[in-house]
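**Q** Structure incoming, see below.
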Amino acid sequence: MNRCEFAFLGLLLCASLVSAQTPRRVIIDTDPGVDDAMAILLALNSPEVKVEALTVVPGNVDSQLGTENALKIVSLANRCDIPVARGAHHPLNQKLITAQYWHGRNGLADVELPPAKCKADPRFGPDLIIETVHKYPHEVTLIPVGPLTNIALAVSKDPSIVGLVKDIVIMGGSISGGNVDGAAEANVYNDPEAASIVFNAGWMVTMIGSDVGERTLMTRKYLNELESQRGPEGDFVAKLADFYLTRSEKSGYQGAAMYDPLAVGTVVDPTLVTLKDMHVDVETRGEFTRGETVANRMGYNEDNVLHGDHYEIDGLTPLQPNARVCLGSNADRFLNLFISRIKGK
């Protein structure tokens, strides 16, 4: 190998190392929310991602309280450089359903954080999403961990962002039953029309569903590890986890489902989850199934043709996948990652 070839290989190696170390730009669309707060702090403590903005959607709490909570969380982390913008005030086509039962009256396990030092960004959340995606084309990963209202509004206003987003990783949906009723997961149930827009926008949605979140559990063992090291963020997360875990145990669960943190964890380390390409539709009209994410595991629909007084199967129509559906997670590895990052390691 001559000197020029050696130098060229050195440049390629340096370029690949820089690329590997470059954090992924993300926007977290959130309705804080106990597990939202955990997810945000996981992202802020993970060098693999760079949080470009938080946009607030109504869900666990209304959008005003959610914005106040988001500002308190970034203030706790001393990250007033991150824009926090309020988005929609209500779902597209129904009344808001809030979840203080699971999250406390203030949405943060009734833990009182100091007043926010950070100020809200004056822009409308969906507009901030659009602006950021155009500013960094093919670089931004969207991580919606609440109802999909803001994302649907952004896509509807500017469909061009679909081709400019690097990835979209949602916490929402399920392929094996719901967590608000027999069919629907809470985020999709809170705005099925918005979810339908997002799943049919033309991109591949990475879907981290409640069914997998419910197999990725914060238990007393992990809470004890979290409490073993003191610090403002760790103490806050431990209080959130204790509240959430106590409520979950009283409701018959073995631990607290780490719904939203797992979505962030999937962006931090994609090897934590197993994904399968599927076509997913969102039910918007069913009496018992409104908000259900209907995943076609086979990849096709049967074609039925009328023959006299009955129909016969005449062939199969392949379906184009629109989602990478999470089938499972390495729960222990994720929880160890979460605890270590919150503890500042």
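**Q** Is one or more of the residues making up region 285-303 over 27 Å from Ala184 (Cβ atoms), modelled with pLDDT under 95 and over 21 Å from the mean Cα position of the chain (by Cα)?
**A** yes
**Q** Right, something else. Out of all the residues in region 67-79, is one or more basic (Lys, Arg), more than 20 Å from Thr141 (Cα to Cα) and without any contact (Cβ under 8 Å) to a residue 12 or more places away in the chain?
**A** no
**Q** Moving on. Within region 119-133, does at least one residue satisfy the condition of being under 16 Å from the mean Cα position of the chain (by Cα), under 22 Å from Val51 (Cβ atoms) and among the aliphatic types (A, V, I, L, M)?
**A** yes
**Q** Being modelled with pLDDT under 95 and either within 18 Å of Ile170 (Cβ to Cβ) or not hydrophobic (A, V, I, L, M, F, W, C) (or both) is true for just one of Glu48, Glu52, Glu5, Glu68. Which residue is that?
**A** From the options Glu48, Glu52, Glu5, Glu68, the qualifying one is Glu5.
**Q** Which of the strands (runs of 3 or more DSSP E) found entirely inside region 285-345 contain at least 2 residues meeting this: free of Cβ contacts under 8 Å to residues at least 40 places away in the same chain and within 26 Å of Ala257 (Cβ to Cβ)?
**A** Passing ranges, in order: 293-296.
**Q** Further question on the same structure: Gly177 versus (1) on the phi > 0 side of the Ramachandran plot; (2) of a type in the set (Gly, Ala, Ser); (3) within 15 Å of the chain's Cα centre (by Cα): which is the lone unmet condition?
**A** Result: Gly177 passes all but (3).
**Q** Scanning for something over 24 Å from Pro192 (Cβ atoms) and surrounded by 19 or more Cβ atoms within 10 Å (Cβ to Cβ), does region 155-167 turn up at least one residue?
**A** no
**Q** Okay, moving on. Taking region 249-268 on its own, how many of its residues are surrounded by fewer than 17 Cβ atoms within 10 Å (Cβ to Cβ), under 17 Å from Ala331 (Cβ atoms) and polar (S, T, N, Q)?
**A** Here the count works out to 1.
**Q** Can I ask one more? Within region 174-231, which residues are of a type in the set (D, E, K, R) and in contact (Cβ under 8 Å) with a residue 24 or more places away in the chain?
**A** Asp181, Glu185, Asp191, Glu193, Asp211, Glu214, Arg215, Arg220, Glu225
**Q** Does Thr274 satisfy being farther than 24 Å from Gln229 by Cα and in a helix (DSSP H, G or I)?
**A** no
**Q** Hey, could you check region 194-231 for residues that are of a type in the set (Ser, Thr, Tyr) and assigned to a helix (DSSP H, G or I) and say which is nearest to Lys95 (Cα to Cα)?
**A** Ser196
**Q** For region 25-39, give me the residue count where each residue is out of contact with any Pro (no Cβ under 7 Å at 6 or more places or on another chain) and either of a type outside the set (D, E, K, R) or without any contact (Cβ under 8 Å) to a residue 40 or more places away in the chain (or both).
**A** Matching residues across region 25-39 total 8.
**Q** Among the residues in region 8-24, are any modelled with pLDDT of 95 or more and over 25 Å from Ile339 (Cβ atoms)?
**A** No, region 8-24 has no match at all.
**Q** Continuing with the same structure: Only one of these is buried (at least 24 other Cβ atoms within 10 Å of the Cβ) and among the hydroxyl-bearing types (Ser, Thr, Tyr): Thr216, Thr271, Thr246. Name it.
**A** Within the list Thr216, Thr271, Thr246, the selection yields Thr216.
**Q** Please indicate, with yes or no, whether at least one residue in region 251-269 is aromatic (Phe, Trp, Tyr), in a loop (DSSP other than H, G, I, E, B) and either modelled with pLDDT under 95 or more than 30 Å from Trp102 (Cβ to Cβ) (or both).
**A** yes
The values are calculated or read from the model by the stated rules, or taken from the named source; none is laboratory data. Model, not experiment: these values are computed from the prediction. Glycine also receives a Cβ, built like all others from the backbone with ideal geometry; neighbour counts cover every protein chain displayed.
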